[in-house]
Amino acid sequence: MPKMKTNKAAAKRFKVTGTGKLKRNKAYKRHILTKKSAKTKRNLRKASMVDDSNVKNMKKILPYL
């Protein structure tokens with residue numbers, strides 16, 4: 001059985017917490033920030049968890065995390 005390959009694009013974007021959940025950064029923080037409120041931009045700074053509906057696919061492309 002050959003080794004499984006990690007999806008490198010996903011490996012750079014996701015980290016695993018101590019409890020085994022996947023942590024991700026939020027989108028919409030790169031440009032066109034002038035029309036976004038300070039509250040919105042502040043909330044985009046915080047990391048969030050990957051939704052439960054996506055965890056199964058993420059674990060498949062990140063077998064060694």
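Just for region 13-52: of the residues that are polar (S, T, N, Q) and assigned to a helix (DSSP H, G or I), which one is farthest from LYS3 (Cα to Cα)?
THR40
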Open item on the list: Let me spell it out: the conditions are (1) touching a strand residue (DSSP E or B) at 6+ places or on another chain (Cβ under 7 Å); (2) at pLDDT below 95; (3) not in a helix (DSSP H, G or I), and VAL55 meets all of them except one. Which number is the exception?
Closed with: (3)
Task: Residues located in region 9-26, provided they are open to solvent by 100 Å² or more (accessible area, probe 1.4 Å) and among the β-branched types (Val, Ile, Thr) - done: THR19
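Residue-by-condition table, conditions (1) surrounded by 12 or more Cβ atoms within 10 Å (Cβ to Cβ); (2) without any contact (Cβ under 8 Å) to a residue 12 or more places away in the chain:
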{"position": "TYR28", "(1), (2)": "no, no"}
{"position": "ARG42", "(1), (2)": "no, yes"}
{"position": "LYS46", "(1), (2)": "no, no"}
{"position": "ASP51", "(1), (2)": "no, yes"}
{"position": "LEU65", "(1), (2)": "yes, no"}
- [ ] Please work out if THR6 is open to solvent by less than 50 Å² (accessible area, probe 1.4 Å), in contact (Cβ under 8 Å) with a residue 40 or more places away in the chain and of a type in the set (S, T, N, Q).
- [x] yes
Open item on the list: Can you pull out every residue in region 34-65 that is aliphatic (A, V, I, L, M) and farther than 22 Å from THR17 by Cα?
Closed with: ALA38
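The values are calculated or read from the model by the stated rules, or taken from the named source; none is laboratory data. All of these numbers come straight from a predicted model, not from anything done at the bench. Because the Cβ atoms are built from the backbone with ideal geometry, glycine has one as well, and the counts that use them run over all protein chains shown. Side chains are part of the model used for accessible areas, which takes the heavy atoms of the whole protein and leaves out ligands, DNA and RNA. Shrake-Rupley method; radii C 1.70, N 1.55, O 1.52, S 1.80 Å.
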